[in-house]
1. Any residue in region 83-91 that is surrounded by 15 or more Cβ atoms within 10 Å (Cβ to Cβ), touching a Gly at 6+ places or on another chain (Cβ under 9 Å) and at pLDDT 90 or above?
2. Among the residues of region 133-156, is any in contact with an Asp or Glu (Cβ under 8 Å, 6 or more places away or on another chain), modelled with pLDDT of 90 or more and over 21 Å from T30 (Cα atoms)?
3. From L74, L56, L117, which residue is touching a residue at least 24 places away in the same chain (Cβ under 8 Å) and at negative phi?
4. Take the conditions among the basic types (K, R) and modelled with pLDDT of 90 or more and apply them to R78. Does it pass?
5. Check region 101-109 and report whether any residue there is part of a helix (DSSP H, G or I), modelled with pLDDT under 90 and surrounded by fewer than 16 Cβ atoms within 10 Å (Cβ to Cβ).
6. Just to be sure before I move on: is Y89 in contact (Cβ under 8 Å) with a residue 24 or more places away in the chain, assigned to a helix (DSSP H, G or I) and among the aromatic types (F, W, Y) in the structure I sent?
7. Looking only at region 34-78, how many residues end up being surrounded by 13 or more Cβ atoms within 10 Å (Cβ to Cβ) and assigned to a helix (DSSP H, G or I)?
Amino acid sequence: MRHRRLLVLSLGLLPLLSTPGCKPKTLPDTVAARVDGEDIPRADFDRQMGPVPAVLLADTAKARELRTKLMDFLVMQRLLVQEAKRKGYKIDTAQVEQQLAMYKMQSGSDSAFAAQLSDAHMTETQLRAQIGEPMLVQQLMREVVMPSVPSPSKAKLDSALGIQRI
């Protein structure tokens with residue numbers, strides 16, 4: 001009898017879970033996703049979807065699959081960056097600035113570089129993040145992956161490269 005009352009009480013609470021106050025908050029149109037309180041801007045998502053050929057997007061099933069995979073990638077990337085920051089890794093700003101200078105030089109002029117950023121709907125700050133965040137992830141991966149990869153011996157390297165030592 002007691003279990004029946006708990007079941008009835010539990011079932012009675014179900015409608016409260018689906019009330020408007022209990023559903024997740026919707027994101028602003030400018031946000032594609034929120035990962036642990038950090039937004040992934042819709043512009044980042046759209047920028048990455050931009051190069052996808054229209055013929056692929058015409059197939060709604062393929063387009064949905066591509067969007068899902070891209071969102072999964074962006075969320076995973078954000079989680080990795082957050083973990084790297086949590087572990088104390090820092091972006092090497094000198095390396096970022098060096099890479100940025102190379103991009104500017106390849107553009108030919110500051111105005112051409114600014115035009116390229118504008119065409120990509122990107123700011124210089126966003127580009128710096130796009131350059132620096134993978135550096136954080138690489139540092140994290142070195143810590144996680146590299147210690148578990150055994151270093152080959154000199155003999156194994158020689159054998160793999162076809163070198164015979166006398």
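1. yes
2. Yes, because at least one residue in region 133-156 is in contact with an Asp or Glu (Cβ under 8 Å, 6 or more places away or on another chain), modelled with pLDDT of 90 or more and over 21 Å from T30 (Cα atoms).
3. Only one candidate qualifies: L74.
4. Answer is yes for this residue.
5. no
6. When the stated conditions are applied, Y89 does not pass them.
7. 18
One line per residue, one yes/no per condition, for (1) farther than 30 Å from E143 by Cβ; (2) among the basic types (K, R); (3) in contact with a helix residue (DSSP H, G or I) (Cβ under 8 Å, 6 or more places away or on another chain); (4) assigned to a helix (DSSP H, G or I):
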position	(1), (2), (3), (4)
K25	yes, yes, no, no
D29	yes, no, yes, no
A32	no, no, yes, no
L80	no, no, yes, yes
A84	no, no, yes, yes
Q99	no, no, yes, yes
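The values are calculated or read from the model by the stated rules, or taken from the named source; none is laboratory data. Owing to the predicted nature of the structure, the values given are computational and were not obtained by experimental measurement. Every residue, glycine among them, receives a Cβ derived from its backbone with ideal geometry; neighbour counts consider all protein chains shown.
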